[in-house]
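What follows is calculated from the coordinates using simple rules that are stated; it is not laboratory data. All figures in this text were calculated on a predicted structure; none of them were measured in a lab. Positions of Cβ are backbone-derived with ideal geometry, glycine not excepted, and every protein chain shown enters the neighbour counts.
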Amino acid sequence: MKVKLSEIFVPLTDKNIYTAEELSDLNLQPDFIKKMAAEFNLIYVDNVANEGNLCFAENKEVRQEYRMTFSKEDVATLIFAKPSVETVNMEIDVVRFPKEFFF
């Protein structure tokens with residue numbers, strides 16, 4: 001599944017070029033969240049507790065086939081998976097989501 005970055009994030013201004021840090025401050029498009037949830041049969045969680053959560057449903061170390069949720073952090077990790085990528089263009093760049101969303 002290929003998705004343009006402008007379909008993933010809600011920009012704050014007319015700005016098109018963003019760094020990873022700037023993208024992490026943007027909200028995800030509601031339509032994108034619905035599309036990802038349906039495509040990968042996952043639930044979107046806005047705030048993931050990293051520590052002190054005994055439920056393994058949101059644990060990042062659980063094998064991908066047992067994951068039940070995804071977050072904005074998961075999407076950003078996939079976008080910046082290539083070490084050479086420092087900035088992205090919201091109107092030009094696309095993200096290819098593999099059959100298995102998590103890697």
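Summarising the label geometry, the points placed 7 Å from Cα in the beta-carbon direction at Asn41 and Asn27 lie 3.0 nm from one another. Placing pseudo-labels 7 Å out from each Cα toward the beta carbon at Lys15 and Ile92 gives an inter-label distance of 1.8 nm.
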